[in-house]
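K.L.:
Here it is, the structure, as structure tokens.
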Amino acid sequence: EMGICWQALTCISLVSYHPIIGVPPSPPTLRRQPADHHSQRKSTGNNNIISSSTTITMNSSNSNSHTAPSKEEENYITKLRNIGLHPKETPHHTTLPRASILIPIFARNNNIPYILLTQRPQTLSSHPGDVCFPGGRQDPMDNQNDITTALRETLEEVGIQPQHLTPLCRLATIESKNGLCVTPIVALVTPSRQAEPSHLTEISKKEVDAAFAVPLEYFLKEECDENYEVEWRGEKFIMRYYYFEEEEMYKRTFKIWGLTAHVAHQVATIGFGTDDEHRPFT
């Protein structure tokens, strides 16, 4: 959402906690918004969100037919789904205004998982040029549903229709520096071509200057390009910086840091790390 920069959000530390156990919400109905939705809010139709119980089959962007997922692929999807869609938030987050971000995962050659990232326009007065995930503040139309917020914002910013997104898991909420409770939602994109940057024809130019894909395992690098320890509300965490050289569409280096780097590292750790490494997120 315009005016919200996810790099301004702080990151939680990787520690165990007792989540608030809840029941995954039933699939809501989402109304499509035009690309310039900030100046025009009329609906253009209804799209039903795929249920979390939908059978998942990854589909490479270079193929028009569905292919059986590899064992490794099934493994990381299973690990992500095992995190669950139930709420995971500390008590003081429940009183904060809410926002959501969506981490879109899709497959490329040989079913290698990628995530879709965007860069904010340099013309924005707030945090120009920062790399982020699709996301924004919760609207009244979302009926207090964090998943609906994430799917709506993704549709509005990059044009991926909700029927192509299957929510896999909900990560722990994060309190922003400006007092927002932010919920990260991880979703699988099928067919994969729906998330290919070259396929995205309905990007909101007001909010997105570039959309690019990064291999999920890239964020498991033993040493990121820069990192240092910081403290927020009495907890310590690692601030990570990645400088990704995109060679497909833009031929330039993107700086991925802050919340975006932290969440991407979380998702990669859950999907490809050991059981001990991803246990704190459950």
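The values are calculated or read from the model by the stated rules, or taken from the named source; none is laboratory data. Just so it is clear, the model here is predicted, and its values are computed rather than measured. Every residue, glycine among them, receives a Cβ derived from its backbone with ideal geometry; neighbour counts consider all protein chains shown. Keep in mind that these areas ignore ligands, DNA and RNA; they rest on the heavy atoms of the full protein, side chains included. Shrake-Rupley method; radii C 1.70, N 1.55, O 1.52, S 1.80 Å.
K.L.:
If packing is taken as the average count of other Cβ atoms within 10 Å, what order do 181-188, 116-123, 261-268 fall into, highest mean first?
P.N.:
In descending order of packing, they fall as 181-188, 261-268, 116-123.
K.L.:
List the aspartates and glutamates whose alpha-carbon lies under 16 Å from that of Lys79, not counting same-chain residues fewer than 8 positions away?
P.N.:
Qualifying aspartates and glutamates at Cα under 16 Å: Glu217, Asp275, Asp276, Glu277.
K.L.:
Given a Förster distance of 30 angstrom, what is the FRET efficiency for Thr274 paired with Asn110, based on the Cβ-Cβ distance and rounded to 0.05? Kindly include the intermediate steps, with their values, before the conclusion.
P.N.:
Details: r = 23 Å, r/R0 = 0.77.
FRET efficiency, Thr274 to Asn110: 0.85.
K.L.:
Follow-up question, since we're still on this one. State the three equivalent ellipsoid semi-axes of the range 124-240, derived from the C-alpha gyration tensor as the square roots of 5 times its eigenvalues, in descending order and whole Å.
P.N.:
25, 20, 16
K.L.:
I need the phi-derived Karplus couplings for the range 251-262: 6.51 cos²θ - 1.76 cosθ + 1.60, θ = phi - 60°, integer Hz, Gly and Pro marked x.
P.N.:
6, 8, 9, 9, 8, 10, 8, x, 4, 4, 5, 5
K.L.:
Rolling a 1.4 angstrom probe over the protein chains, ignoring ligands and nucleic acids, what is the accessible area of Arg240 in square angstrom, nearest 10?
P.N.:
40 Å²
K.L.:
Between Lys221 and Glu74, what FRET efficiency follows from the Cβ-Cβ distance if R0 is 25 Å, with the result rounded to 0.05?
P.N.:
Plugging the Cβ-Cβ distance into 1/(1 + (r/R0)^6) gives 0.55.
K.L.:
With a 1.4 Å probe and all protein chains kept in place, how do Val189, Val230 rank by accessible area, largest first?
P.N.:
Val230, Val189
K.L.:
Give me the distance in nm between label points sitting 7 Å out from Cα along the Cα-to-Cβ direction at Tyr243 and Lys205, one decimal.
P.N.:
According to this spin-label approximation, the distance is 3.1 nm.
K.L.:
Ignoring ligands and nucleic acids, what accessible area does Met249 show with a 1.4 Å probe (Å², nearest 10)?
P.N.:
Answer for Met249: close to 90 Å² accessible.
K.L.:
To continue, here is another question. How large is the accessible surface of Ile77 in square angstrom, using a 1.4 angstrom probe and rounding to the nearest 10?
P.N.:
Probe radius 1.4 Å; accessible area of Ile77 about 10 Å².
K.L.:
Hey, another quick one. For the range 150-191, what is the convex hull (Cα atoms) projected area averaged across all directions, in square nanometres?
P.N.:
Mean shadow area of the hull around the Cα atoms is 3.3 nm².
K.L.:
How far, in nm, would the chain grow between Glu229 and Leu124 when pulled straight, counting 0.36 nm per residue and subtracting the alpha carbon separation? Can you show the working numbers first?
P.N.:
Numbers: separation 105, 0.36 × 105 = 37.80 nm, distance 2.91 nm.
Extra length available between Glu229 and Leu124 comes to 34.9 nm.
K.L.:
Next question. Can you work out the Karplus-derived ³J(HN,Hα) for every residue in the range 109-115? Use 6.51 cos²θ - 1.76 cosθ + 1.60 with θ = phi - 60°, whole Hz, and x for glycine or proline.
P.N.:
The phi angles translate into 3, 6, 6, 6, x, 10, 10 Hz.
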